[in-house]
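*Asks:* Before anything else, here's the structure in question.
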Amino acid sequence: MNGFLWTFGHLGWGIFAVLVFSGLWLLLSDLCWRLLAICIGRLLALLAIGWMLGIGCIVFGFYMAG
Amino acid sequence: MVLLIIQLAIIVIVMVLIVLWGFYFPYPSPLVRRWLSPRKRWPEKQIRTWLKDGRFQRAFLNHFYSDPERMAPPGNSILAPADGLVTSADIRGGVRYLVIGLSFWDMHVQRSPASGRVLSVQSHGGDFMDGEGREFAFLREKSCPVHKRVVVATDDGQVAVRLITSLAARRIETWVREGDEIDRGQRIGRILLGSTVVLELPATTNLLVRMGDRVWAGETAVAESLTSP
């Protein structure tokens with residue numbers, strides 16, 4: 001995790017991206033829940049999968065860039 | 001150092017958004033309201049809590065008191081006096097009662113169904129349960145409706161509009177007086193937090209709407225003109 005959490009006097013871009021993405025994903029999930037007429041279990045599953053894919057992309061991108 | 005400050009600022013902004021979301025949950029936060037329909041923007045449960053507290057969101061009140069212009073269709077058809085859903089069209093005693101149920105999100109200004117002269121503006125109900133209230137309890141299972149009845153004499157007959165609200169709300173404004181000449185689709189009043197408007201027509205009038213239809217005040221033709229065979 002070298003550089004993921006902290007690098008050169010500022011937060012690591014990895015943890016920064018994870019925090020911002022997770023926060024915005026939560027707000028987006030709320031909007032989807034209100035706008036879409038969909039079973040809540042199915043929506044939660046889709047959002048969880050989306051969140052994991054997003055985090056996976058961030059981690060993968062971080063290590064590829066590194 | 002600058003990068004760290006920028007990062008922290010962005011994270012703080014996201015955190016503020018989340019706190020705002022959590023503060024309003026389960027109701028929509030101000031951030032997402034604009035993308036929601038009025039019914040989802042201000043859920044009924046939330047409105048009922050405001051009714052108890054007597055405090056309302058300003059945006060909701062702006063929506064509630066909205067009074068858009070309406071364009072009456074050509075012809076002499078009878079227009080809907082209110083926005084809402086047609087909930088019944090029973091005939092009792094030779095009169096057809098076309099009942100329109102309003103929701104919290106409907107526009108609450110009522111309009112004249114036809115042009116003519118206002119014969120009377122009668123008030124019923126109030127602090128006590130009177131005979132009229134009991135008689136019209138069938139309309140929406142209300143034990144004590146408070147209402148005003150505006151009777152309009154047209155060239156071809158007489159129609160009446162009842163503006164009904166609950167004893168709890170008990171606020172009806174009428175903007176026409178006995179003897180006034182009014183146009184088809186003209187504003188005649190407003191029910192504050194009201195729920196039902198009834199159009200009284202001769203039983204022989206041909207309706208153009210059915211139960212469950214959505215109608216708009218001053219725009220939707222609900223019946224053929226009184227002269228139609």
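*Asks:* Output the residues belonging to segment A:23-66 that are small (Gly, Ala, Ser) and in contact with a Gly (Cβ under 8 Å, 6 or more places away or on another chain).
*Replies:* Answer for segment A:23-66, where residues must be small (Gly, Ala, Ser) and in contact with a Gly (Cβ under 8 Å, 6 or more places away or on another chain): just A:GLY66.
*Asks:* Within segment A:1-51, how many residues turn out to be within 27 Å of B:ARG34 (Cβ to Cβ) and touching a strand residue (DSSP E or B) at 6+ places or on another chain (Cβ under 8 Å)?
*Replies:* 0
*Asks:* With the condition kept exactly as written, say whether any residue in segment B:19-40 is under 25 Å from B:THR220 (Cβ atoms) and touching a helix residue (DSSP H, G or I) at 6+ places or on another chain (Cβ under 7 Å). So that I can check it myself, show each step before the final result.
*Replies:* Filtering segment B:19-40 down to residues under 25 Å from B:THR220 (Cβ atoms) leaves B:37-40.
So of that shortlist, the ones also touching a helix residue (DSSP H, G or I) at 6+ places or on another chain (Cβ under 7 Å) come out as B:38, B:40.
Within segment B:19-40 (the criterion being under 25 Å from B:THR220 (Cβ atoms) and touching a helix residue (DSSP H, G or I) at 6+ places or on another chain (Cβ under 7 Å)), the answer is yes, since at least one residue qualifies.
*Asks:* Then there is this: Name the pairs whose Cβ atoms lie under 8 Å apart, with the first residue in segment B:154-165 and assigned by TED's automatic domain parsing to the domain that holds B:ILE100, the second of a type in the set (S, T, N, Q) and surrounded by 24 or more Cβ atoms within 10 Å (Cβ to Cβ), and 6 or more positions between them or separate chains?
*Replies:* B:VAL161/B:GLN110; B:VAL161/B:SER112; B:LEU163/B:GLN110
*Asks:* Take the conditions surrounded by 14 or more Cβ atoms within 10 Å (Cβ to Cβ), within 30 Å of B:THR174 (Cβ to Cβ), in the same structural domain as B:ILE191 (by TED's automatic domain parsing) and of a type in the set (Gly, Ala, Ser) and apply them to B:GLY84. Does it pass? Full working, then the answer.
*Replies:* Details: surrounded by 14 or more Cβ atoms within 10 Å (Cβ to Cβ): yes; within 30 Å of B:THR174 (Cβ to Cβ): yes; in the same structural domain as B:ILE191 (by TED's automatic domain parsing): yes; of a type in the set (Gly, Ala, Ser): yes.
So B:GLY84 fits the description; yes.
*Asks:* Quickly run through segment B:1-47 and pick out the residues that are out of contact with any Phe, Trp or Tyr (no Cβ under 9 Å at 6 or more places or on another chain) and hydroxyl-bearing (Ser, Thr, Tyr).
*Replies:* The answer is B:TYR24, and nothing else.
*Asks:* To continue, here is another question. Answer yes or no: is there a residue in segment A:42-49 that is more than 10 Å from every other protein chain (Cβ to nearest Cβ), at pLDDT 90 or above and either part of a loop (DSSP other than H, G, I, E, B) or crowded, with 16+ Cβ neighbours inside 10 Å (or both).
*Replies:* yes
*Asks:* Moving on to the next point. Tell me the residue from B:LEU36, B:LEU17 that is within 14 Å of chain A (Cβ to nearest Cβ), in contact with a Gly (Cβ under 8 Å, 6 or more places away or on another chain) and of a type outside the set (Ser, Thr, Tyr), please. It would help to see each step written out before you state the result.
*Replies:* On the way: B:LEU36 fails: in contact with a Gly (Cβ under 8 Å, 6 or more places away or on another chain).
Of B:LEU36, B:LEU17, the one residue that is within 14 Å of chain A (Cβ to nearest Cβ), in contact with a Gly (Cβ under 8 Å, 6 or more places away or on another chain) and of a type outside the set (Ser, Thr, Tyr) is B:LEU17.
*Asks:* So is B:HIS108 surrounded by fewer than 19 Cβ atoms within 10 Å (Cβ to Cβ) and within 15 Å of the chain's Cα centre (by Cα) or not?
*Replies:* No, not satisfied.
*Asks:* Moving on. Kindly indicate whether A:LEU11 is more than 18 Å from B:MET1 (Cα to Cα) and facing chain B (nearest Cβ under 9 Å). Break it down stepwise before answering.
*Replies:* Values: more than 18 Å from B:MET1 (Cα to Cα): no; facing chain B (nearest Cβ under 9 Å): yes.
When the stated conditions are applied, A:LEU11 does not pass them.
The values are calculated or read from the model by the stated rules, or taken from the named source; none is laboratory data. On a predicted model such as this, the values are computed, not experimentally measured, just so you know. Counting neighbours? That spans all protein chains shown, and the Cβs are built from the backbone with ideal geometry, glycine included.
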